[in-house]
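Before any comments, here is the structure.
The values are calculated or read from the model by the stated rules, or taken from the named source; none is laboratory data. Keep in mind the model is a prediction, meaning the values are calculated, not measured. In this analysis, Cβ positions are derived from the backbone assuming ideal geometry, glycine residues included, and neighbour counts consider all displayed protein chains. Side chains are part of the model used for accessible areas, which takes the heavy atoms of the whole protein and leaves out ligands, DNA and RNA. Shrake-Rupley method; radii C 1.70, N 1.55, O 1.52, S 1.80 Å.
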Amino acid sequence: MEFEHKSVLLEESIDGLAIKPDGIYVDCTTGGGGHSLEIAKRLSSGTLICFDQDSEAIEAAKKRLEDYAPIFVTRNFAEMREALNQLNIDRVDGILMDLGVSSYQLDNRQRGFSYHDDAPLDMRMSGSGLSARDVVNEYGADRLAKILYLYGEEKYAPSIVKGIVRAREQSPIETTSQLAEIIKANVPQKLRKEKNPCRKTFQAIRIEVNRELEVLEKGLADGFDILKNGGRMAVITFHSLEDRAVKNAFKEYCTGCTCPPDFPVCVCGGRPRAELVNKKPITAGEAELEANPRSRSAKLRVIEKL
């Protein structure tokens, strides 16, 4: 299967980076290379570093970017600082994070991300380590319910987990279809008729498997530290947990004085370290929504380091 990924908010994110032809840029989530290609086109003597923990994504991006000379790094972007240090790069002009799961990963049955197809329970973006099967079959009921509630905001987590525990006591849950049927059988019938009730549970397990929020927190912190003054960071999120993490981090970077409002003068000495490029998140327009329905939940936030 060919690695394919429709780059979301492509023009908006590239414009947000305000690319300098001689700058150093990092694409933290290269995927099929759509965003990377547009960055590379705008560089002359500059450097592009492409990160992705999925080796298949890196190989696809190499083909797409064969007319350019980016540096490819097959590592999770949480390891960005260490990898750049090894490349003798300590400061960069721009960082892009597209946090969406690629179309290839969603549509490739063997990756086990989708609840629409029958496939092995996997969901590993890197292809190694903890899998969805491990989470579903080995986590205790309390821990599993907490994951579904926190990462999926699933209000029916207790009943879904009870169904999972009952099923795995008989035999291990091996496939996405098995898990999907368990979820459907343990939520109200009304919900099953209105929409597919599996999305939140699958999202929660995927986040746990790939440590997505932990990775994002470290990536944001390290990325902001290595930005040059005047450098920009653009982040595209796809669900409320990601967007909240980015929004809060950016708010912290853009906040100056933290003294109580009733203080006559500032005594903390706090100064903003960044400013928002777009006051509100940028979302997909009608044309993009029609061409790529998966863009409907995407939000782009951009900051510039002072």
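Tabulated results
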| item | result |
| --- | --- |
| Residue list for segment 289-306, restricted to those being open to solvent by less than 40 Å² (accessible area, probe 1.4 Å) and either more than 17 Å from the chain's Cα centre (by Cα) or among the basic types (Lys, Arg) (or both) | Asn292, Arg301, Ile303, Lys305 |
| Residues (out of contact with any helix residue (DSSP H, G or I) (no Cβ under 9 Å at 6 or more places or on another chain) and of a type in the set (S, T, N, Q)) located in segment 189-233 | Gln189, Asn210, Asn229 |
| Glu214, sole failed condition from (1) in a helix (DSSP H, G or I); (2) more than 30 Å from Phe77 (Cα to Cα); (3) among the charged types (D, E, K, R) | (2) |
| Output for segment 71-97, where each listed residue is free of Cβ contacts under 8 Å to residues at least 40 places away in the same chain and either out of contact with any strand residue (DSSP E or B) (no Cβ under 7 Å at 6 or more places or on another chain) or in a loop (DSSP other than H, G, I, E, B) (or both) | Thr74, Arg75, Glu79, Glu82, Asn85, Gln86, Leu87, Asn88 |
| When residues of segment 182-205 are limited to those that are closer than 19 Å to Ser131 by Cα and not hydrophobic (A, V, I, L, M, F, W, C), the one least open to solvent (accessible area, probe 1.4 Å) | Thr201 |
| Cross-chain or 6+ apart pairs with Cβ under 7 Å, segment 253-275 first and on the phi > 0 side of the Ramachandran plot, then assigned to a loop (DSSP other than H, G, I, E, B) | none |
| Enumeration of residues in segment 15-58 that are open to solvent by less than 10 Å² (accessible area, probe 1.4 Å) and of a type in the set (Val, Ile, Thr) | Val26, Thr30, Ile39, Ile49, Ile58 |
| All positions within segment 92-119 that are at pLDDT 95 or above and either farther than 24 Å from Leu10 by Cα or in contact with a Pro (Cβ under 6 Å, 6 or more places away or on another chain) (or both) | none |
| Number of the exception - Gly33 against (1) over 20 Å from Gly100 (Cβ atoms); (2) in contact with a Cys (Cβ under 8 Å, 6 or more places away or on another chain) | (1) |
| Sole exception among (1) under 30 Å from Asn85 (Cα atoms); (2) out of contact with any Phe, Trp or Tyr (no Cβ under 8 Å at 6 or more places or on another chain); (3) not β-branched (Val, Ile, Thr) for Ala291, by number | (1) |
| Residue match in segment 117-132 (condition: touching a Ser or Thr at 6+ places or on another chain (Cβ under 9 Å), without any contact (Cβ under 8 Å) to a residue 24 or more places away in the chain and of a type in the set (Lys, Arg)) | no |
| Residue in segment 10-23 that is touching a Ser or Thr at 6+ places or on another chain (Cβ under 7 Å), closer than 21 Å to Ala287 by Cβ and outside any helix (DSSP H, G or I) present | no |
| Segment 59-70 - residue that is in contact with a helix residue (DSSP H, G or I) (Cβ under 8 Å, 6 or more places away or on another chain) and in a loop (DSSP other than H, G, I, E, B) and, of those, surrounded by the fewest Cβ atoms within 10 Å (Cβ to Cβ) | Tyr68 |
| All positions within segment 33-64 that are among the hydrophobic types (A, V, I, L, M, F, W, C) and more than 22 Å from the chain's Cα centre (by Cα) | Leu43 |
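Yes/no per residue for (1) closer than 22 Å to Glu217 by Cα; (2) open to solvent by 60 Å² or more (accessible area, probe 1.4 Å); (3) within 23 Å of the chain's Cα centre (by Cα); (4) at pLDDT 95 or above:
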residue: Arg244; (1), (2), (3), (4): yes, yes, yes, yes
residue: Gly256; (1), (2), (3), (4): yes, no, no, no
residue: Phe263; (1), (2), (3), (4): no, yes, no, no
residue: Glu275; (1), (2), (3), (4): yes, yes, yes, yes
